[in-house]
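The values are calculated or read from the model by the stated rules, or taken from the named source; none is laboratory data. Remember, predicted model here, so these are calculated numbers, not experimental data. All Cβ positions, even for glycine, are placed from backbone atoms using ideal geometry, and neighbour counts span all protein chains on display. Surface accessibility is based on the protein's heavy atoms, side chains included, excluding ligands, DNA and RNA. Shrake-Rupley method; radii C 1.70, N 1.55, O 1.52, S 1.80 Å.
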Amino acid sequence: MSELAQRLGECAAGDTSALRRLLDSEGPRLLGIARRMLRRQDLAEDAVQECILTIWRKARQYDPARGSAQGWVTTILRNQCLTMLRKESWEIATDADSLDRRQDETIVMDAYNRLDINSDLRRCLDRLDAPKRVAILQAYVLGYTHGEISGRLQAPLGSVKSWVRRGLSSLRECLS
């Protein structure tokens, strides 16, 4: 059992010191993810705080048989960030929008390039055509919705949904 899974079990039992240790060990990583998704420090800090509260309230629901503790915690944070993005109405200037696109490409390619060249995931991603690969990476690395990906790639929403659905299906098949 991982240390994080152990902390979740302790939180489920009501141990507040375990929650503090969890925050100390996972907080910086969670803040980094939230900052990349929300692009604002203040919102990222709020997302991490809400994530930690959710972990405390729902720690009993974590089941090690269904997945890793880190994946469970990251999913809670990702969902919190997406909720915040949906609620927030931001106006972005055209120049900043093109800058964001370039930053997105850099972040996505960095994440892709960090994968071990011999890993199964990298091999399977390489088999996908570029639009599917980029759409999937933007969804999972940056946390973008189909609509956001559509806007960033300047592609029809239906096409983006198909790319993600078919790409994930191809990845599942390739990885099994």
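What to note about this one:
- Identity of the residue in the stretch 23-50, within 13 Å of residue 7 (Cα to Cα) and not hydroxyl-bearing (Ser, Thr, Tyr), that ends up most open to solvent (accessible area, probe 1.4 Å): 24
- Whether a residue is touching a residue at least 12 places away in the same chain (Cβ under 8 Å) and surrounded by fewer than 18 Cβ atoms within 10 Å (Cβ to Cβ) was assessed, and residue 16 does not pass this test.
- Residue check for residue 41: touching a helix residue (DSSP H, G or I) at 6+ places or on another chain (Cβ under 8 Å) and not aromatic (Phe, Trp, Tyr): yes
- A single member of 77, 53, 125 is open to solvent by less than 80 Å² (accessible area, probe 1.4 Å), modelled with pLDDT of 80 or more and farther than 19 Å from residue 26 by Cα, and it is 125.
- Qualifying positions in the stretch 149-162 - touching a residue at least 24 places away in the same chain (Cβ under 8 Å) and closer than 28 Å to residue 30 by Cα: 152, 160
- Contact map, the stretch 101-130: residues that are in contact (Cβ under 8 Å) with a residue 40 or more places away in the chain paired with residues that are basic (Lys, Arg) and assigned to a helix (DSSP H, G or I), Cβ distance under 7 Å, separation 6+ or inter-chain. Pairs shown: 101/152; 104/152; 107/36; 125/133.
- 1 or more residues of a type in the set (Lys, Arg) and closer than 17 Å to residue 104 by Cα: qualifying helices (runs of 4 or more DSSP H) within the stretch 114-176: 130-141, 146-153
Rundown of residues vs (1) under 19 Å from residue 144 (Cβ atoms); (2) of a type in the set (Asp, Glu); (3) out of contact with any Ser or Thr (no Cβ under 8 Å at 6 or more places or on another chain), yes/no style:
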site: 14; (1), (2), (3): no, no, yes
site: 26; (1), (2), (3): no, yes, yes
site: 33; (1), (2), (3): yes, no, no
site: 36; (1), (2), (3): yes, no, yes
site: 44; (1), (2), (3): yes, no, yes
site: 59; (1), (2), (3): no, no, yes
site: 70; (1), (2), (3): no, no, no
